[in-house]
Amino acid sequence: MTVPTFKSDLPYLSTEQMIEVDRAMIEDYKIELIQMMENAGRNLATLAKELFLEGDPQSKRVAVLAGTGGNGGGALVAARRLHSWGASVEVFLAKSREDFSGVPAHQLEIVQNLAVNVTVGNEIPTKESFDIVLDGLIGYSLKGAPRGSAATLISWANDQTAPVLSLDAPSGVDTSTGQVFDPAIKADATMTLALPKEGLRAEGVNAQVGELYLADIGVPPQLYAASPLKLEFSSPFTKGEIVHLN
C-alpha cells in the first residue's frame, strides 16, 4: 500500500471544534462512536503495518498503550486487528480494567476474549523489545500534564528503540495550543483523525508529532459545512482512507 500525499490546504480544528464533530456525528447523523472507533483503529493498524512492519505483521512484536477514552478504544481496535494479522501483541492499560466503560470497555473485552496479553501500566516490562509502540493513551481530553500510569507509560515508550505511532495526537500534547507537557510522547509518526488538530502545527511541536498522517473516520462533508463549523474544503480521502500531510 502506498499512502498518498495530500498537498492542498486543510482546515485545522481546535479541541472545541472536534468535540462538536463528535457530538454531531452521534446526535445529528446517528453515526455511533463504535463505528468511528472501528474506523480509527483499522486505519491505525494498517498504517502501522505499512510504515513500520514492512507490510507483514506476522511474528512482529507490538506494544499497544491504551487509555480509558476514545483514543484507547481505537488503539484496542488496532491491537485486535494486528493480532488477527499474526502479530504478537501486548496491551498496556493506563488504568485498571474496571476503570474502562462504554465503547472502550467493549473493545477491551474483545481483546481479552482473543487472549491478547493485557496488563496495567505499572507492570510494564523493562527489558523486552518491540517492533512498534502504538500510543493511544490520551487524545483531545488532555487536561494538564499526564500523571500516574499514563505518565509511566509515556516515559517508557520514549525510552524504547522501537518507533512510536500515535493516534490522533501524541499523548501529552495539547491538541489546541500545541503545548508539550512533561512527559509527552515523542512519536515517529502521528495519525490524526477526521481533520488535523491546531496543536499539531504549533511552533516546535514537530519533535513530538513526527510525520503527520490523516485518517478517515467517516465524517460526512456536510457536517463540516453546517453551522457552527461552516468549513468548506475538498475531501482528502478520494485516493485512500489514509493520507500523508506535508
Taking H placed 1.01 Å from N in the peptide plane, check which residues at least 5 places from residue 89 or on another chain put their amide H under 5 Å from its amide H. 62
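If packing is taken as the average count of other Cβ atoms within 10 Å, what order do 172-182, 110-120 fall into, highest mean first? Please list the in-between numbers first.
Values: 172-182: 19.6, 110-120: 14.4.
Averaged packing, sorted descending, gives the order 172-182, 110-120.
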If amide H atoms are built 1.01 Å from N in the plane of the peptide, which residues on other chains or at least 5 residues away come under 5 Å of the amide H of residue 231? 225, 226
For the chain, what log10 I(q)/I(0) values come out of the Debye formula at q = 0.10, 0.11, 0.16, 0.17 1/Å, with one point per alpha carbon and no solvent? -0.42, -0.51, -1.14, -1.30
Rounded to 10°, Cα long-axis angle of helix 15-27 versus longest principal axis of the chain: 90 degrees
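Within the chain, what is the longest stretch that has no trypsin sites (Lys or Arg not before Pro) placed in a DSSP loop and near at most 14 other beta-carbon atoms within 10 Å? Intermediate results must be reported in sequence, preceding the final value.
Numbers: sites that count: 7, 30, 127, 143, 147, 230, 239.
Longest stretch, sites excluded: 31-126.
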Among 43, 17, 183, flag the residue with its Cα farthest along the positive direction of the charge dipole of the chain, charges on Cβ as +1 for Lys/Arg and -1 for Asp/Glu. 43
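Using the Cα centre as the reference, give the magnitude of the dipole from point charges on the C-beta atoms of region 164-221 (Lys, Arg: +1; Asp, Glu: -1; all else neutral), rounded to the nearest 20 debye. It would help to have the intermediate numbers written out before the result.
Numbers: 3 positive and 8 negative charges, 4 e Å.
Approximately 20 debye in magnitude.
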Toward the positive end of the charge dipole of the chain, about the Cα centre and with charges on Cβ (Lys, Arg +1; Asp, Glu -1), which of 170, 55, 146 goes farthest? 55
So, over other residues within a Cβ distance under 15 Å of residue 152, counting Lys, Arg +1 and Asp, Glu -1, the net charge is -2
With x for Gly and Pro, the residue-by-residue ³J(HN,Hα) of region 36-48, computed from phi through the Karplus equation 6.51 cos²θ - 1.76 cosθ + 1.60 at θ = phi - 60° and given in whole Hz, is 5, 5, 5, 4, 4, x, 4, 5, 5, 5, 5, 5, 4
Relative to the longest principal axis of the C-alpha atoms of the chain, give the angle of the C-alpha long axis of helix 70-84, reported between 0 and 90° and rounded to the nearest 10°. 60 degrees
As I understand it, the dipole of the chain uses +1 on the Cβ of Lys and Arg and -1 on the Cβ of Asp and Glu, about the Cα centre. Which of 31, 133, 215 lies farthest toward its positive end? 133
Show me the GluC sites (Glu not before Pro) within region 21-124 that DSSP assigns to loop and that have at most 10 other Cβ atoms within 10 Å of their Cβ. 54
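Determine the sum of side-chain charges near residue 244: Lys and Arg each +1, Asp and Glu each -1, restricted to other residues whose C-beta is under 14 angstrom from that of residue 244. Walk me through the numbers before you get to the answer.
Numbers: positive: 7, 239; negative: 50, 188, 211, 216, 241.
So the surrounding residues net to -3.
About its Cα centre, how strong a charge dipole does the chain have in debye, to the nearest 20, once Lys and Arg get +1 and Asp and Glu get -1 at the Cβ? It would help to have the intermediate numbers written out before the result.
Working: 19 positive and 30 negative charges, 40 e Å.
That gives the chain a dipole magnitude of about 180 debye.
If you take every residue apart from residue 179 with its C-beta less than 14 Å away from the C-beta of residue 179, what net charge results, scoring Lys and Arg +1 and Asp and Glu -1? Provide the component values of the computation, followed by the final result.
On the way: positive: 143, 197, 201; negative: 174, 182, 198, 203.
For residues surrounding residue 179, the net value is -1.
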Report the number of Lys pairs in the chain whose alpha-carbons are under 26 Å apart, with separation of 8 or more residues or on distinct chains. 27
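We did not get these values from a lab; they are worked out from the coordinates using the rules stated. On a predicted model such as this, the values are computed, not experimentally measured, just so you know. As a convention, Cβ positions derive from the backbone with ideal geometry for all residues, glycine included, and neighbour counts pool all protein chains shown.
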